[in-house]
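Heads up, the thing below is written out as structure tokens.
FYI, it's all coordinate maths here, none of it is from the lab. Since the structure is predicted, the reported quantities are computational estimates derived from the model, not experimental observations. Cβ placement follows ideal geometry from the backbone for every residue including glycine, while neighbour counts extend to all protein chains displayed.
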Amino acid sequence: MFMPTVFSALACFAVFCHICSGDNYILDDTIGLGRAFDGIGGLSGGGATSRLLVNYDEPYRSQILDYLFKPNFGASLQILKVEIGGDAQSTDGTEPSHMHYENDENYFRGYEWWLMGEAKRRNPNITLIGLPWAFPGWVGHGENWPFHFPDITVSYVVSWIIGAKQYHELDIDYVGIWNERSFDSKYIKLLRYTLDKSGLERVRIIASDNLWEPITSFVLLDQELQEAVDVLGAHYPGTTILPEVLKTGKTLWSSEDYSTFNNDVGGGCWARIINQNYVNGSMTATIAWNLVSSYYQELPFGRDGLMTAQEPWSGNYVVESPIWITAHTTQFTQPGWRYLQTVGHLNHGGSYVALTDQKGNLTVVIETMSHDHSVCIRPPLLPYNVTFQRATFSLKGSFVSVELQVWNSKLDFKTKKPVFFQKQNPIKVSNGSFTLDLNVDEVYTVTTVTTGQKGSYPEPPPSAPFPKAYKDDFNVRKCSVFSEAPNFADQTGVFEYFMNLTDPGPHVYTLQQVVTQRPVTWVADADQTISIIGDYNWQDVNVSCDVYMENEKGGGVFVAARVDKGGGSVRSTKGIFFWIFADGTYKVTSDLSGESILAEGLSPTRAHIWYTLSLSVKGNYASGELNGHALWTNVVVLKPKNGWAGIGTSAFELAQFDNFSVHP
């Protein structure tokens, strides 16, 4: 009975001694430096992920932008990557191209130009990147392959870069190839040649925005390709690389990462990969998809952004944990700083990186994220353990006599009272070293930089559902710099403001669906175009819209209620769809494809005439009116029970919409 007591005492003493002595880590710049740090960033697009942000009223819209981009305030992002819109579904919606058709150029469509301008206004040094997810159909000449005619695709992409400068004074720093799809070496070489010939030598190329292979093998075997590619960018690398990747000698980036729900576990994921992408994989930049969750939450990957801003109608937004996790690095470093060679893993779990500006400044970022509290959506994370530890950091070389500021975040999953980006008392450097007690699920920044700040604004308005009664005559923003109507989220096709100059009657300003050819797609677009709006929980609603068919060869348009899907699942969208066609027919379907017919018949409908469609849904019954007169009544609808409202066309064809309204 006595021996176990002695054993326990010895065990406790051993633990106590371990805590007292701790583990020692050296921070030294005299043995040489590591790679140059390129920054931490966010990705807008890759599926219309900033769609609702532009519709916020001031001051809330500017506040959101400050939390994202303003230096020494919030996330202080150093990189902004945007989608080069291609008129096709790219995760949560479509983004308009600057060239819908071959002889069409318009560099004011969409909101990415505006967003890049706002980011640049706050941080003139921010790095700007463009990457296509899809291309207009004319680029592929009817084939779903943009490199069949590489000269056409190169011209299309370079025109976007030139337009950014010519119309918006934006210098694009990097351009990618085709998001997460096969690349073409001939195209990459031609892109480099054309950029140089166009006076755009400074624009660098990232490839291939997919996996490390096969781009690594191609670069190693092809000298011309190696000279054309500046950065090897991989998506969701799991903080690791292949041995062959280092042989290329290229700059390595995690050019898309995170994609994780932005609760505290999402913050833990982000903290772990920001550090360990370099510690494990020598990656000098990490870019989060997505920048801001500003799309309807029920679309795919809802709230997978660095912060949430999905209610422009209420003004509510939420500064989520990843914003402050980002600040731990971005507020105390700048692109061009160098990693020390003395970076690595902590002995009892977690990691640390150290960076210097080579002018005497030092920043150390430490994370102790546990496995279950730092799981990212992909790839799978192997098991590991993290425990409390005492860590001593010995300063060598240029850093022996520095004074250090301390910032701390605690993802407290026990008390549910996390603390983010809290400034601590300056640390005591004794005999050239400092010691920290590191609990599980913490982030520390220890730095000579004194300009850090946890920016704040008064609480935004409370969250509120989409208004039950909503109208848009598409006239209010006829002078808007944005091409889309507020709160409409295009899922297939592109719906843009249109000024009707030919016999407009009362319909001068309308919303027009403009895509007339299937794009070179990234995911499977529907064969019909659709834009959604409203509250996903809507059940009993009345949807009304004036519609105008421009296709005389049997084209059709619809209004819809209880639309249940979007994004990459748009082809399987269900709901209640009321269609009319230019051949004098109508139908009611329970799906976007128009195949599940609930009712059909004749209607006095033709092209080039304005009609008013009204759809009323209550319980398990729906009725439809044409120009105020019942066309069909009491059709039984059992599923779905709720969803958005919507408008659209029966194919990729021109059609106009006006005086949209929805009410209970």
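In order along segment 595-608, the phi-based Karplus estimate (6.51 cos²θ - 1.76 cosθ + 1.60, θ = phi - 60°) of 3J(HN,Hα) comes to 8, 8, 8, 9, 7, 7, x, 8, 8, x, 10, 9, 6, 6 Hz; Gly and Pro are listed as x.
I need the calculated FRET efficiency for the pair Asn425 and Asp357, taking r as the beta carbon distance and R₀ as 25 Å, to the nearest 0.05. Given R0 = 25 Å and the Cβ-Cβ separation, E is 0.55. In this structure the amide hydrogen of Met369, modeled in the peptide plane, comes within under 5 Å of the amide hydrogens of Ser351, Asp441, Glu442, none closer than 5 places in sequence on its chain. Model label sites at Asp527 and His168, defined 7 Å from Cα along the beta-carbon direction, differ in position by 3.5 nm. Cα centroid separation, segment 308-346 to segment 134-190: 30 Å. Residues in segment 330-347 carry Karplus couplings, in order, of 6, 6, 10, 9, 9, x, x, 4, 10, 5, 6, 6, 8, 10, x, 9, 7, 5 Hz; the curve used is 6.51 cos²θ - 1.76 cosθ + 1.60 with θ = phi - 60°, and Gly or Pro positions show x.
Order by neighbour count: Cys376, Cys545, Cys269, fewest other Cβ atoms within 10 Å first, most last. List each step's numbers first, then the result.
Values: Cys376 22, Cys545 25, Cys269 28.
Least to most surrounded, the residues fall as Cys376, Cys545, Cys269.
What does the C-alpha gyration tensor say about the overall shape of segment 470-663? Classify as rounded when a/c is under 1.5, otherwise prolate if a/b is larger than b/c, or oblate. It comes out rounded by the Cα gyration axes.
Placing unit charges on the Cβ atoms of the charged side chains and taking the dipole of the chain about its Cα centre, the candidate lying farthest along the positive direction among Phe149, Ile580, Thr240 is Thr240. The mean sequence separation of alpha-carbon pairs under 8 Å and at least six residues apart, normalised by the residue count of the chain, gives a relative contact order of 15 percent.
Positive end of the dipole of the chain (Cβ unit charges, origin at the Cα centre): among Gly39, Ile205, His100, the Cα lying farthest that way belongs to Gly39. Residues whose amide H falls under 5 Å from that of Glu600, counting only those 5 or more places apart or on a different chain, are Val588, with hydrogens built in the peptide plane. Each label was represented as a point 7 Å from its Cα along the Cα-to-Cβ direction; for Val318 and Asn537 these points are 1.4 nm apart.
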